[in-house]
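Below: the structure, in structure tokens.
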Amino acid sequence: MTNSRSHPVTRAVRSGLGGGEHRSVTPPIHLTSTFEFEAFDQPGAHDYTRTSNPTRDLLAVALAELEQGIGSTITSSGMSALLLACQLLSPGDKLVAPHDCYGGTHRLLTSLSERGQFDVLFVDQGDETALRQAFEQQPRLVLVETPSNPLLRITDIQLVADLCSKAGATLAVDNTFLSPGLQRPIPLGADLVIHSTTKYLNGHSDVVGGAVVAADQELHDEMQWWANCLGLSGAPFDSYLTLRGLRTLYTRLRAHEANTEAIVALLCDHPEVAKVHYPGLADHPGHEIAGRQQDGYGAMVSFELAGGRASAEDLVQALNHFFLAESLGSVESLVAHPATMTHAAMSAEAREVAGIGEGLVRLSVGIEDVRDLTDDLARALDRVAVRSHAPNVRFRSIEPEPRDTALVRAP
């Protein structure tokens, strides 16, 4: 069993382990949809899996402990987690959201607002003046996404928490890009923490899920009630897989970050790269805040190619060790073109306001051998350079040259 005084790494590894009916180290999966009542009008601890399930409860407890919250509600996806948080709002209430948020978030909030469920105001949350002006409209809920997707902008959680406290607003922070392994918004003043558990928490691209962690019991009870009412609860098997992935979170994050440092250094030195967005860079506008509220800078990086959309297309076609795919936070490296993929749901005008251009590329850096990743990316960028200087030259992706790995050591 997990000791509450243990280090978070130990708690992540040991959450849910041991203490089973047959003294199994790994907990069983409760795949039942329903549970037998003890007697007439006497339900047991669980009666129906939409309401509660022992396997899902294990994951909920683990996430609440790591995020330092009072409890967590496990949902079927990251989007259902966001929808769950939106149940705090009524028609006429105002929601302040980041102008550069994930495209699916922008689509959901815009669509619900257009149906009159609440009013949404998209704001540059890195602009303190604009942020304070937004609070003059007395928001009921404030959503923060830090680092933001895909431009890795940093929002000062404590500053927004102070503004929310004075305005009587609820603060929800999307912590998907960092996980509790690198950032814990609740001690910084957040009321709710939202996750797409699909990403770093699970870490293996084989589960879709979400979670909402609450800082106090009243909010947690409300999230639980709405999740049951709307049928947003996550499945037991998905919860089992996510809990299994969670046990290696901290180890994976160390490998992710080490690889990302090498990737960022390469990007900063390549002439085809016009700008690199990564909070770990000293000249990043949010570097100081990130250093204060985060335990690391993460493994997401985006960059702008001087050649625009054509160069972005050439780059992704030339890569061998980065899958062209949406999602992030898994052991394998991924590359995405936000304008046509993750943020395609936003209008061109909204993307322009957010600063998401056609030459922007986003990487989710995995835990492969760092030399394979840097060699692959350098080769692809060099091919982009050839193409940009000779527009009629076409090329196709090729396998990297084999190399002797006998003396390879971990970086």
(request) Could you identify the single residue in 71, 16 that is farther than 15 Å from residue 244 by Cα, buried (at least 18 other Cβ atoms within 10 Å of the Cβ) and either in contact with a helix residue (DSSP H, G or I) (Cβ under 9 Å, 6 or more places away or on another chain) or β-branched (Val, Ile, Thr) (or both)? (result) 71
(request) Take residue 5 and decide whether it is modelled with pLDDT under 95 and either exposed (fewer than 11 other Cβ atoms within 10 Å of the Cβ) or touching a helix residue (DSSP H, G or I) at 6+ places or on another chain (Cβ under 7 Å) (or both). (result) yes
(request) Test each condition in (1) in contact with a Ser or Thr (Cβ under 8 Å, 6 or more places away or on another chain); (2) farther than 17 Å from residue 242 by Cα; (3) modelled with pLDDT of 95 or more for residue 100 and report the one that comes out false. (result) (3)
(message) Checking the condition farther than 20 Å from residue 74 by Cα and under 19 Å from the mean Cα position of the chain (by Cα), which residue from 255, 214, 265, 169 passes?
(response) 255
(request) Please state which one of 156, 206 is within 22 Å of residue 99 (Cα to Cα) and acidic (Asp, Glu). (result) 156
(request) Please determine, by comparing only the residues of the stretch 334-357 that are part of a loop (DSSP other than H, G, I, E, B), out of contact with any Leu (no Cβ under 8 Å at 6 or more places or on another chain) and touching a residue at least 60 places away in the same chain (Cβ under 8 Å), which one is surrounded by the most Cβ atoms within 10 Å (Cβ to Cβ). (result) 343
(request) Could you tell me which numbered condition residue 374 fails, if it satisfies all but one of (1) at pLDDT 95 or above; (2) not in a helix (DSSP H, G or I)? (result) (2)
(request) Check residue 203 against each of (1) crowded, with 22+ Cβ neighbours inside 10 Å; (2) over 18 Å from residue 294 (Cβ atoms); (3) in contact with an Asp or Glu (Cβ under 8 Å, 6 or more places away or on another chain) and name the one condition it does not meet. (result) (3)
(message) Regarding the stretch 305-326, can at least one residue be identified that is surrounded by 22 or more Cβ atoms within 10 Å (Cβ to Cβ), at pLDDT 95 or above, under 20 Å from the mean Cα position of the chain (by Cα) and among the aliphatic types (A, V, I, L, M)?
(response) no
(request) Identify the single condition in (1) farther than 22 Å from residue 212 by Cβ; (2) buried (at least 17 other Cβ atoms within 10 Å of the Cβ) that residue 64 does not satisfy, given that it satisfies every other one. (result) (1)
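The values are calculated or read from the model by the stated rules, or taken from the named source; none is laboratory data. Here the structure is a predicted model, which is why all the values come from computation and not from measurement. In this analysis, Cβ positions are derived from the backbone assuming ideal geometry, glycine residues included, and neighbour counts consider all displayed protein chains.
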